[in-house]
Structure formats: C-alpha cells, structure tokens
Amino acid sequence: MTQRRLLAAALTVVVLAVIGLLYLQALSLTRATRTAWMVTRDLPAGAALSGGDLRQVRIPAAGDQFIVLTDDPTNRRTAHPLRAETLLSPVDVLSREMVQVPVSVRASPSVGAGDTVDLYALVGSRAVLVGRRLVVIATGSPLTVLVPAQDEAYWIALQANSVALFASRSDGVGVPEPGAVGASDAIAGLAGFAPPQPSQLPPSPPPPSPPAVVTPSPR
C-alpha cells in the first residue's frame with residue numbers, strides 16, 4: 001500500500017513538473033520579441049534612409065507572423081512611398097547595389113522625383129520593355145533613375161548610342177512581359193484580335209508570264 005502511495009505521489013510530481021515546464025515555455029514564447037525597423041516620417045520612393053528616418057523596435061515573436069526587415073536599412077533606398085510609423089519589410093527597400101544613371105527619353109508623361117516609370121527601347125520598328133518600375137531621382141533632360149548596379153553598363157550603352165527610349169508612368173502592377181512588340185502586334189492587341197500567321201495568309205498570285213517575243217520572218 002505504501003509503495004502505491006509513493007508511486008502515485010511520484011507520478012503526480014512528474015505531471016506537475018511537465019505542466020509547469022509547458023507553462024513556462026508558453027510564457028517565454030508570449031514574451032519573446034524580434035527586431036524590426038520603423039520609418040519615423042513620410043518618405044518618397046527612392047529616398048536614402050538615414051538614422052533620422054528610422055527607429056529600431058521590438059515586436060512580439062508570437063501571434064500572427066509577417067515578414068519584417070531585420071537588417072539595418074541605413075543608406076538603402078525606399079522602393080516606393082512610405083508613411084510614417086510603417087514597419088519595414090524586405091520589399092520596401094531597394095537592393096544595396098543601386099546606381100543612378102541618366103536616360104534621355106523621346107516621350108514621357110509628367111513625372112517627378114519619387115515616381116516610378118517603365119522604359120521601352122525602340123529596336124528597329126519594335127518596342128522592347130527594358131526597365132520596369134524604375135525610381136526617378138531627378139527630372140529634366142535626361143531623367144535620372146535608379147537601376148541595379150549590375151545593369152549599369154547596359155544603361156550607359158543605351159545612352160551613349162542614343163537608343164530611342166519611351167517612358168510610361170507606372171507602378172509595374174499588371175504590366176506583362178510582352179517581348180518585342182511591333183506596330184501590327186500593337187494594333188492587333190488593342191483591337192482584340194490575333195495577327196494572322198504566315199500560314200493563314202492567302203497565297204500570293206503567281207508572277208505574270210513574260211510577253212511572247214515574235215521574231216519577224218525573213219523576206
């Protein structure tokens with residue numbers, strides 16, 4: 001009988017210890033936090049973040065999980081306009097390897113610093129999308145835009161060779177990757193029908209036969 005009581009007491013102690021351990025673990029999880037960064041004022045797209053624009057905060061590690069930027073974003077640039085008290089996520093800032101390049105455009109809507117544009121190059125008679133959602137740093141002729149550092153030489157080559165560029169003010173949402181678009185493709189796409197394929201075109205008429213040459217008979 002005494003052994004049963006001792007065994008029951010030991011089991012009770014073990015159960016209470018497990019419950020206590022689980023409670024302490026749950027309590028520590030509710031009190032756990034993680035690092036995040038918050039902007040302290042409204043910022044336009046392309047703004048270089050400095051210490052005065054940022055505040056490091058701690059947010060609960062439990063509850064709804066969402067992705068926040070944990071690395072120090074100082075000296076990085078904003079990818080789009082941000083409002084004060086916004087918690088930064090990785091998509092809110094541009095890559096560290098960004099450079100400013102000048103681009104001369106043949107036609108562009110009215111844009112200002114902080115706006116984003118898509119750029120098309122005219123190659124022969126076809127338009128090709130070469131820059132998507134590029135942040136404008138300075139207006140004028142040429143525009144100054146932010147591009148990835150790895151693409152710097154490409155943009156300089158376009159500028160040096162006076163490639164015709166056309167800009168649209170765009171946030172990139174819903175803009176497809178059309179490839180090279182010619183005038184017939186544009187007309188067909190805007191009109192809502194597919195351009196005819198070579199196999200669908202009517203056959204070309206045969207070339208006319210050369211006129212017969214009549215040689216006069218000798219007299």
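Does Glu85 qualify as being open to solvent by 40 Å² or more (accessible area, probe 1.4 Å) and part of a helix (DSSP H, G or I)? Break it down stepwise before answering.
Details: open to solvent by 40 Å² or more (accessible area, probe 1.4 Å): yes; part of a helix (DSSP H, G or I): no.
Criteria not met by Glu85.
Just need a number here: residues in the stretch 140-190 that are farther than 16 Å from Ala127 by Cβ, open to solvent by less than 80 Å² (accessible area, probe 1.4 Å) and modelled with pLDDT under 90.
3
Can you give me the number of residues within the stretch 103-139 that are without any contact (Cβ under 8 Å) to a residue 40 or more places away in the chain, open to solvent by less than 70 Å² (accessible area, probe 1.4 Å) and part of a loop (DSSP other than H, G, I, E, B)?
1
Given the conditions (1) among the basic types (Lys, Arg); (2) closer than 24 Å to Arg77 by Cα; (3) surrounded by 13 or more Cβ atoms within 10 Å (Cβ to Cβ), and given that Arg96 satisfies all but one, which numbered condition is not satisfied?
The single condition Arg96 does not satisfy is (3).
Could you please find all residues in the stretch 37-63 being basic (Lys, Arg) and under 27 Å from Met98 (Cα atoms)? Write out each step before concluding.
Taking the stretch 37-63 as the starting set, the residues that turn out to be basic (Lys, Arg) are 41, 55, 58.
Within the stretch 37-63, Arg41, Arg55 qualify.
Answer yes or no as to whether Pro60 is without any contact (Cβ under 8 Å) to a residue 40 or more places away in the chain, surrounded by fewer than 19 Cβ atoms within 10 Å (Cβ to Cβ) and in contact with a helix residue (DSSP H, G or I) (Cβ under 9 Å, 6 or more places away or on another chain). Please lay out each step first, then the result.
Values: without any contact (Cβ under 8 Å) to a residue 40 or more places away in the chain: yes; surrounded by fewer than 19 Cβ atoms within 10 Å (Cβ to Cβ): yes; in contact with a helix residue (DSSP H, G or I) (Cβ under 9 Å, 6 or more places away or on another chain): yes.
Yes.
The values are calculated or read from the model by the stated rules, or taken from the named source; none is laboratory data. As the structure is a prediction and not an experimental result, all values here were calculated from the model. Cβ sites come from the backbone with ideal geometry, for glycine too, and all protein chains shown count toward neighbours. To get the accessible areas, we keep the full protein, side chains included, count just its heavy atoms, and leave off ligands, DNA and RNA. Shrake-Rupley method; radii C 1.70, N 1.55, O 1.52, S 1.80 Å.
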